[in-house]
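Structure, as structure tokens:
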Amino acid sequence: MTEHLTVVEHPLVQHKLSLMRDKATSTAEFRRLLREISQLLAYEITRELPMTTQQVETPMEMMDAPVLDGKKLALISILRAGNGLLDGVLELVPSARVGFVGLYRDEETLLPVQYYFKVPDGLDDRLVIAVDPMLATGNSSAAAIDLLKQAGATNIRFLCLLAAPEGVARMQEAHPDVPIITASLDRCLNDQGYIIPGLGDAGDRMFGTK
Ligand code: URA
């Protein structure tokens, strides 16, 4: 994958995303749609995983069958909304290792501050997929990628549901080596940092909080 930004325009992804955007969609339905879209996005992001072959005996004969090669990939959820994407991706790649990065925004400096960091070992040998549904300002995403690089990750991809042009630009500037895969590049951010047209607060919508 060489492009910095990939928008997955598959009809099923786009249809499900439109349902998620609708403010009348219930929490349960929102969660279900997010899980389904995550699986479709995971299909796209894992397209170029390295392969090898393994001897398999079918009922008919022996064959060299294609199987995944290399170390298990690492999925890193950027808390808390990342967990909504994580579940669907894990269903598709159940053997993946899983980590969590927790960041909050300091009210005075407006900079991301780390409150939790737990990741699988051997990040340097793994494809690392960081997941967060909303790439808005890009500040927390860029900070999370900084932390993953400090922990040794060299092959990182960023998976989100929606991206704002501001967030893509911030990531491109801070981490041009990290491809972004998203279901939509929306128009802009508003004054409060929400993606427009967006879908509101992804965490609140998936967990039923306010
Ligand atoms: N985070 C969200 O949950 N929604 C936005 O629109 C922006 C950031």
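The values are calculated or read from the model by the stated rules, or taken from the named source; none is laboratory data. The model shown is predicted, which means the values in this text are computed figures rather than measured ones. Cβ atoms come from the backbone with ideal geometry, glycine included; neighbour counts cover every protein chain shown.
Of all the criteria given as (1) modelled with pLDDT under 95; (2) surrounded by 23 or more Cβ atoms within 10 Å (Cβ to Cβ), the one not satisfied by PRO133 is (1). Only residues that are free of Cβ contacts under 8 Å to residues at least 24 places away in the same chain and touching an Asp or Glu at 6+ places or on another chain (Cβ under 9 Å): list them for the range 39-67, please. PRO50, MET51, THR52, THR53, GLN54, GLN55, VAL56, MET63 - these are the residues of the range 39-67 that are free of Cβ contacts under 8 Å to residues at least 24 places away in the same chain and touching an Asp or Glu at 6+ places or on another chain (Cβ under 9 Å). Residues that are crowded, with 20+ Cβ neighbours inside 10 Å, within 13 Å of the ligand (Cβ to nearest atom) and either of a type outside the set (Ser, Thr, Tyr) or assigned to a strand (DSSP E or B) (or both) do occur in the range 137-151. Evaluate the following for PRO94: is it touching a residue at least 40 places away in the same chain (Cβ under 8 Å), part of a loop (DSSP other than H, G, I, E, B) and over 27 Å from ASP186 (Cα atoms)? No: the conditions fail for PRO94. Which condition breaks for PRO176 when tested against (1) away from the ligand (no atom under 16 Å from the Cβ); (2) closer than 29 Å to PRO11 by Cα; (3) crowded, with 20+ Cβ neighbours inside 10 Å; (4) not β-branched (Val, Ile, Thr)? Of everything listed in (1) away from the ligand (no atom under 16 Å from the Cβ); (2) closer than 29 Å to PRO11 by Cα; (3) crowded, with 20+ Cβ neighbours inside 10 Å; (4) not β-branched (Val, Ile, Thr), PRO176 misses just condition (3). Search the range 186-204 for residues being in a strand (DSSP E or B) and surrounded by 12 or more Cβ atoms within 10 Å (Cβ to Cβ), and hand back the single one that is nearest to the ligand (Cβ to nearest atom). So the residue we want is ILE195. The residue that is farthest from the chain's Cα centre (by Cα), among those in the range 139-158 that are at pLDDT 95 or above and within 19 Å of ASP201 (Cβ to Cβ), is ALA144.
Within the range 103-136, the set of residues being away from the ligand (no atom under 15 Å from the Cβ) and more than 23 Å from GLU48 (Cβ to Cβ) comprises ASP106, GLU107, GLU108, THR109, LEU111, VAL113, GLN114, TYR115, TYR116, PHE117, LYS118, ASP121. Look through the range 13-57, keep the residues that are more than 21 Å from PHE158 (Cα to Cα) and aliphatic (A, V, I, L, M), and return whichever of them is surrounded by the most Cβ atoms within 10 Å (Cβ to Cβ). Only one residue tops the list, namely LEU19. In the range 188-210, the residues that are in contact (Cβ under 8 Å) with a residue 24 or more places away in the chain form Cβ pairs under 7 Å with partners that are exposed (fewer than 12 other Cβ atoms within 10 Å of the Cβ) and of a type in the set (A, V, I, L, M, F, W, C), at six or more places apart or across chains, as follows: CYS188/ILE196; LEU189/ILE196.
Which of the residues spanning the range 155-171 are surrounded by fewer than 24 Cβ atoms within 10 Å (Cβ to Cβ) and within 12 Å of GLY138 (Cα to Cα)? The answer is LEU162, PRO165, GLU166, VAL168, ALA169, ARG170. Exactly one residue out of ALA65, ALA81 is farther than 29 Å from MET206 by Cβ and among the small types (Gly, Ala, Ser), and it is ALA65.
Within the range 114-156, which residues are touching a residue at least 40 places away in the same chain (Cβ under 8 Å), within 10 Å of ILE76 (Cβ to Cβ) and of a type in the set (Val, Ile, Thr)? Across the range 114-156, the qualifying residues are VAL119, VAL128, ILE129, VAL131.
Within the range 97-109, the set of residues being part of a strand (DSSP E or B) and either at pLDDT below 95 or of a type in the set (Asp, Glu) (or both) comprises LEU103, TYR104, ARG105.
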